[in-house]
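Enquirer: Can you keep this structure in mind? I'll have questions shortly.
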Amino acid sequence: MSEFHSLAHLIKRLEVATTRLEDLALSASSASAVSASSPTSAVPGPAISSTTTASAPPSAPPSAPPSAPTTPQAPSSAASAIAETETPAVIQKHDEAIHTALQRYLSLSSEIGEPVSAQAVAVAEAVQAERDILRISLLAQKPAMDTPVFAQLIQPLQVLLTRIIDIKQENRGHVLFNHLSTVAEAIPALGWFTYEPTPVPFIQNMKDAAQFYSNRVVKEWKEKDAKHVEWTQVFISILDHLARFVKENYPTGLSWNAKGKDIGVCIEQESASVKEKHVSANVSASASANTSANTSTSAGGPPPPPPPPPPMVIEETGGQTGGGAAAVFAAINKGESVTAGLRKVDQSQMTHKNPALRLRNVGEEETVKKESPTSPPGSSHYSQKKPARTTLEANKWVVENHEDNHEIVIEETAINQAVYIFGCKNSTIRIKGKVNAVTIDSCIKCGIALDSTVSTVDLVNCKSFGLQVFHITPTIAVDKCDSGEIYLSKECLAVEILSAKSSSLNVFIPDNAEGLEGETKELFVPEQLKTTIVGGKLVTALIEHA
């Protein structure tokens, strides 16, 4: 096993070395293009400036010929250029921490198909944008977060995060919606550098939010396709690796170069490098296309174009040849055949020979006239829909009358506050932090995810609910509820679940018997009781089915 581990470690190091060499080649080509367009751009600084100085254009003064970096007379400048072009150590650690899991996530997403694969591509681009910000932080001085230049720095990452969330919103009702929600809930973790001085807990909170939907994926697909279960585990592992990397290298927030350049200059240089990469890629693609076109032409020319579509034929119907008075007179002139299509009326259907039939028809007309077009004001069928609201009243959060809303988040909580959820339908409520108590009343098809409570979580008159506890709650009381699912964490296995007049309750607890993260074990709450008379007293016991 140690030889296999060494071989895997060696392959991983080779992949990282290959990535460094590719970055080195791209940086050198982009720096040459920048130097050719602006000879005076050689300023002292990091990788881009050093590479520009090393590769001077042919029109440069004799003191800096193009071959100077490779001659023995200037070894110090060549060494400094190579050293500054190499990938910094912290960027290497970032790639080693995330690259393997990210590639596996992209592969599984591609196998699952759209729209998960499209969202995965956006995730990879977002990770690259976060990596670019880390590189700039090594070169530039720290900007204030409320300045336009900082907004310009994080704009590419914001655009990608918005695209990832939009993919989820555009595919509501899709069979893979829980997959999209898992990623959309966790992807803000890439903005950890904006949370100082505690970025690691922020990443953990995003991971907890993602696990609410990833547990749904595991429950739905663990019997159908194990690939989806592995997909959730790999994606959650990306967040774990990111949190570990931030904890080891940036425990109190992103660090900057106090003696570095202005961040605006670094952003412009990074943008120029990215544009140069895109131009090089487009030129390569165009050259490949021209080569393939020349090859096909020399082999006999392109195939002939397809034949044109058939001409449109408009058929004229016979009914349009004549109309108006002429058609009426033509029908009258048919003679006796005019009435050939009429049906003979039986005497039982003639109102002039059946007074009772005539009276019945008159009574029906009067009944229709007397009916009011609207129901009385007190009718419940036309009751006015109450507005949805999420407000803090004294020490109680009130969440009422939400429908089809899966973006309800209560963040600014305190340990002395309670949460009351009433009359919500097909909605998801996320409660962050530790609160005193939570009550869910008369809700249908709702999901509630919370961190911790001091006392109890009460569910009353709810149908088809889902409750997930990320940390600890001492008691869960379920009264007059139907079809409920309760997800517990490892820390919450000592909880007391009290149920009354409820049916179809299932409890999911972590099952790490095989060492797989995300696996849960499903248990049901007994509903049947057996009561016997022993010694003049009633003795009640549960009936559990195997």
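Enquirer: Can you say whether residue 127 is farther than 25 Å from residue 259 by Cα, at pLDDT 85 or above, open to solvent by 20 Å² or more (accessible area, probe 1.4 Å) and aliphatic (A, V, I, L, M), as far as the supplied structure shows?
Expert: Against the criterion (farther than 25 Å from residue 259 by Cα, at pLDDT 85 or above, open to solvent by 20 Å² or more (accessible area, probe 1.4 Å) and aliphatic (A, V, I, L, M)), residue 127 does not qualify.
Enquirer: Let me ask you something else. Go through the stretch 209-258 residue by residue and tally those that are surrounded by fewer than 16 Cβ atoms within 10 Å (Cβ to Cβ), without any contact (Cβ under 8 Å) to a residue 60 or more places away in the chain and farther than 30 Å from residue 465 by Cβ.
Expert: Residues that pass the stated criteria total 3.
Enquirer: Can you tell me how many residues in the stretch 455-490 are open to solvent by less than 20 Å² (accessible area, probe 1.4 Å), more than 16 Å from residue 430 (Cβ to Cβ) and not aliphatic (A, V, I, L, M)?
Expert: Result for the stretch 455-490: 3.
Enquirer: Then there's this: Residues 273, 286: which one is open to solvent by 30 Å² or more (accessible area, probe 1.4 Å), closer than 29 Å to residue 103 by Cα and modelled with pLDDT under 80?
Expert: Working: 273 fails: open to solvent by 30 Å² or more (accessible area, probe 1.4 Å).
None of the other options fit; the residue is 286.
Enquirer: Right, residue 147: surrounded by fewer than 13 Cβ atoms within 10 Å (Cβ to Cβ) and of a type in the set (Ser, Thr, Tyr) or not? Full working, then the answer.
Expert: Numbers: surrounded by fewer than 13 Cβ atoms within 10 Å (Cβ to Cβ): yes; of a type in the set (Ser, Thr, Tyr): yes.
Yes: the conditions hold for residue 147.
Enquirer: Got a sec? Which of 185, 196, 248, 223 is more than 21 Å from residue 451 (Cα to Cα), of a type outside the set (Ser, Thr, Tyr) and part of a helix (DSSP H, G or I)? Give the derivation first.
Expert: Numbers: 185 fails: more than 21 Å from residue 451 (Cα to Cα); 196 fails: part of a helix (DSSP H, G or I); 223 fails: part of a helix (DSSP H, G or I).
Going through 185, 196, 248, 223 in turn, just one is more than 21 Å from residue 451 (Cα to Cα), of a type outside the set (Ser, Thr, Tyr) and part of a helix (DSSP H, G or I): 248.
Enquirer: Could you please give the count of residues in the stretch 174-209 that are under 13 Å from the mean Cα position of the chain (by Cα) and charged (D, E, K, R)? Break it down into steps so the answer makes sense when it comes.
Expert: Filtering the stretch 174-209 down to residues under 13 Å from the mean Cα position of the chain (by Cα) leaves 174, 176-189, 206-207, 209.
Retained after the next criterion (residues that are charged (D, E, K, R)): 185, 207.
Result for the stretch 174-209: 2.
Enquirer: Condition (residue is over 18 Å from residue 466 (Cβ atoms), touching an Asp or Glu at 6+ places or on another chain (Cβ under 9 Å) and of a type outside the set (Gly, Ala, Ser)) applied to the stretch 399-414: is it met by at least one residue? Reasoning before the result, please.
Expert: To start, the set of residues in the stretch 399-414 that are over 18 Å from residue 466 (Cβ atoms) comprises 400-401, 411-414.
Filter once more, so that each one left must be touching an Asp or Glu at 6+ places or on another chain (Cβ under 9 Å): 413.
Now restrict to residues that are of a type outside the set (Gly, Ala, Ser): 413.
Checked against the condition, which is being over 18 Å from residue 466 (Cβ atoms), touching an Asp or Glu at 6+ places or on another chain (Cβ under 9 Å) and of a type outside the set (Gly, Ala, Ser), the stretch 399-414 yields at least one hit.
Enquirer: Could you pull out the residue among 531, 520 that is open to solvent by 10 Å² or more (accessible area, probe 1.4 Å), hydroxyl-bearing (Ser, Thr, Tyr) and either more than 28 Å from the chain's Cα centre (by Cα) or farther than 29 Å from residue 229 by Cα (or both)?
Expert: Details: 520 fails: either more than 28 Å from the chain's Cα centre (by Cα) or farther than 29 Å from residue 229 by Cα (or both).
Only one candidate qualifies: 531.
Enquirer: Is it the case that residue 152 is part of a helix (DSSP H, G or I), among the polar types (S, T, N, Q), touching a helix residue (DSSP H, G or I) at 6+ places or on another chain (Cβ under 7 Å) and open to solvent by 70 Å² or more (accessible area, probe 1.4 Å)?
Expert: On the way: part of a helix (DSSP H, G or I): yes; among the polar types (S, T, N, Q): yes; touching a helix residue (DSSP H, G or I) at 6+ places or on another chain (Cβ under 7 Å): yes; open to solvent by 70 Å² or more (accessible area, probe 1.4 Å): yes.
Judged against the criteria, residue 152 is a match.
Enquirer: What are the residue pairs meeting all of these: first residue in the stretch 112-123, first residue farther than 17 Å from residue 175 by Cα and in a helix (DSSP H, G or I), second residue open to solvent by 20 Å² or more (accessible area, probe 1.4 Å) and of a type outside the set (A, V, I, L, M, F, W, C), Cβ atoms under 8 Å, and 6 or more apart or on different chains?
Expert: Cβ pairs passing all conditions: 122/163.
The values are calculated or read from the model by the stated rules, or taken from the named source; none is laboratory data. Keep in mind that what you see is a predicted model, and the values were worked out from it rather than measured. Reconstructed Cβ throughout: ideal geometry from the backbone, glycine too, with neighbour counts over all protein chains shown. Keep in mind that these areas ignore ligands, DNA and RNA; they rest on the heavy atoms of the full protein, side chains included. Shrake-Rupley method; radii C 1.70, N 1.55, O 1.52, S 1.80 Å.
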